[in-house]
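Notes follow once the structure below has been shown.
The values are calculated or read from the model by the stated rules, or taken from the named source; none is laboratory data. Note that this is a predicted model, so its numbers are computed, not measured. Counting neighbours? That spans all protein chains shown, and the Cβs are built from the backbone with ideal geometry, glycine included. For accessibility, only protein heavy atoms count, side chains too; no ligands or nucleic acids. Shrake-Rupley method; radii C 1.70, N 1.55, O 1.52, S 1.80 Å.
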Amino acid sequence: MNGNLAPVLGVHRAPGDFLDAFGRSYSSDPAVVAAAAGAFIGAQQADGVAATAKHFPGLGAAPAGANTDEEPVTIPLDSGTLRNVDEAPYRAAIAAGVDMIMPSWAVYPALDSGVPAGLSSAILRGDLRGNLGYQGVIISDAIEAGALAAFGDAGDRSVAALAAGQDLALCSARDAGQGAQATGDLAAAITGGRLNLGDVLASTERVLELRLSLR
């Protein structure tokens, strides 16, 4: 195994909330989460396994039962809290050289009121790449997630994810047809001009650089 979709960097807010209920948050203290993130990522990648920090900009404020795998979720935090608390562990992850970052499928009205983070150019290109300076691979969460029910099929969602600034669409429905649909629609979006060729080539370079670094 040379890739792992971990660690989760959510700063949970209360015992039993969405992340804490499943033991998926290091702490309710962003400094502790940041320190654990740096240690986890550094150790894992030193052994040749690419790490993935998720779910940007953070699912720590999601209440119990708020699962984007099943339904739309909104995180109504102000931008200051998101950037100073929830994004803090991502700064540590980026400093540790994390290979991949996975954005959330939740909606963050303070950052972009219209779409989930993983479909938001403002959040991915503006916040993650612009403000935080991340240069690595951005990989989507499961493209079949229930939170994306309003955004078409696997192909539509994959095109929207790459148009927003992601590099890889994660087709994890255990159905080869899902991947074929996404691949076909992505190819058509490139040849038809719906996806910017320069952006696609930049994504390809990031993905190839990561693949070449793996053992």
What about Leu9, is it touching a residue at least 24 places away in the same chain (Cβ under 8 Å), under 24 Å from Ser120 (Cα atoms) and out of contact with any helix residue (DSSP H, G or I) (no Cβ under 8 Å at 6 or more places or on another chain)? no
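Step by step: first the residues of the stretch 21-60, then only those that are among the charged types (D, E, K, R) and modelled with pLDDT of 95 or more, then the one that is farthest from Asn84 (Cα to Cα). Which residue is that?
The first filter runs over the stretch 21-60 and keeps only residues among the charged types (D, E, K, R), leaving 24, 29, 47, 54.
Narrowing the set further to residues that are modelled with pLDDT of 95 or more leaves 24, 29, 54.
On the way: Arg24: 20, Asp29: 12, Lys54: 16 Å.
By that ranking, first place goes to Arg24.
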Members of the stretch 73-98 that are assigned to a loop (DSSP other than H, G, I, E, B) and either more than 22 Å from Pro15 (Cα to Cα) or hydroxyl-bearing (Ser, Thr, Tyr) (or both): Ala96, Gly97, Val98
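Tally up the residues in the stretch 198-215 that are over 22 Å from the mean Cα position of the chain (by Cα) and at pLDDT 95 or above, please. Show your work before the answer.
Quick first cut of the stretch 198-215, residues over 22 Å from the mean Cα position of the chain (by Cα) only: 215.
Those still in the list that are at pLDDT 95 or above too: none.
Total meeting the criteria: 0.
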Can you pull out the residues in the stretch 28-66 that are open to solvent by less than 20 Å² (accessible area, probe 1.4 Å), within 22 Å of Ser79 (Cα to Cα) and of a type outside the set (A, V, I, L, M)? His55, Phe56, Pro57, Gly58, Gly60
Go through the residues of the stretch 4-16 one by one and say whether even a single one is out of contact with any Ser or Thr (no Cβ under 9 Å at 6 or more places or on another chain), open to solvent by 30 Å² or more (accessible area, probe 1.4 Å) and aliphatic (A, V, I, L, M). no
